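The block underneath contains the structure these notes are about, expressed in structure tokens.
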């Protein structure tokens, strides 16, 4: 911590200074603060945290992880996430106003992947992306099933891939 | 900080002869004693220790889960997820208030009681009193954080269990590693929390009112949350003091990332330095004659 203490004024030749009153110090502090803030603003300018490539890369990683968990619950263990070969194509909003950047609950990702049997599938995922680079993805029910699924032993469990959360690095 | 710590058993005359003021350590110790004897600080610390357990018990009464907060969907399946969900919850609503309850009051209380003259004319200068009070407020903030972290982890593991934790990228994390990561995640809240402590200290000095010193940082925190919630510009959001509270997400990824954590640390340190500098300048210049 470098808290400036009351130093002697530089030009203390003639006037005896009785109290801490150099008015330059807070002004200098304010100036430094403003410059630092402006520099930070400029440095970070133009970089949106939520972008299409980041989201697609994240979903391509996270969806297979949860899909593999679901397949294991359904009695198909041993499926590798890489074997799912998920390839998402994400867009935000629709029509000419679509921007493909920024947080929002209007992201749609179409994911091509291979299911547990190795058959090609395509499904539309709805994503609610938060400004903090985390999102909640809702998977298409007709492909991955409902919110709860029945295991081979007859037990009802939460479907891990029906709705899942993911986070990605907004700085890379 | 220049701590030329003398022996504790210095007599009043020799201390006065030395510098006309006592050491920061003694002033700090005195501030801590004052805090320990306040019902408010005890109540807050007690609430931080008991709160998480009550939360889990209340959560067990219903089968719905708080999915809106990250890890909310796993609160019934892993105690570690519960601790992380509560971290996210505290970051949104509780941290600014918890630290402001002490930091927002610690300077203004002397105005309220009219005791500035008394403590300054004893044996401590303004720099010593300022340093001691700031350190005491920060100690309390860290104590609150430690109590909450321990209680949430304890409540999670004891009442929910130590099942493996899902990473934020969908892979399971073994219990031992998960416990470490949860502790680290709570640790990342320390710097932004101290940022709010500094903000509350500044407000306490500027407003000279305990009520405003406590309420203003909370309102500022809520406004920052609102800005984030309304999807404000990322450029501005990166400079807000609530953003670093989310930087722990990177620790919980399969391939951990630290960019947001590093950036958030700089922002937090910036708030701490600027707020404390302003507070110190204002306090140093204040005309304390009326008592």
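So in the range B:219-232, with the set limited to residues that are at the interface with another protein chain (Cβ under 10 Å from one of its Cβ atoms) and in contact with a helix residue (DSSP H, G or I) (Cβ under 7 Å, 6 or more places away or on another chain), which one is surrounded by the most Cβ atoms within 10 Å (Cβ to Cβ)?
B:228
Among the listed residues B:235, B:216, B:169, identify the single one that is under 30 Å from residue B:279 (Cβ atoms), within 13 Å of another protein chain (Cβ to nearest Cβ) and either touching a helix residue (DSSP H, G or I) at 6+ places or on another chain (Cβ under 8 Å) or not in a helix (DSSP H, G or I) (or both).
None of the other options fit; the residue is B:235.
For the condition within 11 Å of chain B (Cβ to nearest Cβ) and free of Cβ contacts under 8 Å to residues at least 12 places away in the same chain, what is the one hit in A:101, A:158, A:153?
None of the other options fit; the residue is A:158.
What about residue B:290, is it more than 21 Å from residue B:70 (Cα to Cα), outside any helix (DSSP H, G or I) and either modelled with pLDDT of 95 or more or more than 13 Å from every other protein chain (Cβ to nearest Cβ) (or both)?
When the stated conditions are applied, residue B:290 passes them.
Six or more apart or on different chains, Cβ under 6 Å: which pairs go from a residue in the range A:53-71 that's over 19 Å from residue A:103 (Cβ atoms) to one that's in a helix (DSSP H, G or I)? Could you list them?
A:64/A:81; A:64/A:84; A:65/A:81; A:67/A:84; A:68/A:81
Determine, yes or no, whether residue B:55 is on the phi < 0 side of the Ramachandran plot, at pLDDT 95 or above, buried (at least 19 other Cβ atoms within 10 Å of the Cβ) and away from chain A (no Cβ under 14 Å).
When the stated conditions are applied, residue B:55 does not pass them.
Of the numbered conditions (1) buried (at least 20 other Cβ atoms within 10 Å of the Cβ); (2) more than 9 Å from chain A (Cβ to nearest Cβ); (3) free of Cβ contacts under 8 Å to residues at least 40 places away in the same chain, residue B:260 fails exactly one; give the number of that condition.
Exception for residue B:260: condition (2).
The values are calculated or read from the model by the stated rules, or taken from the named source; none is laboratory data. All values derive from a computational prediction rather than experimental measurement. Glycine also receives a Cβ, built like all others from the backbone with ideal geometry; neighbour counts cover every protein chain displayed.
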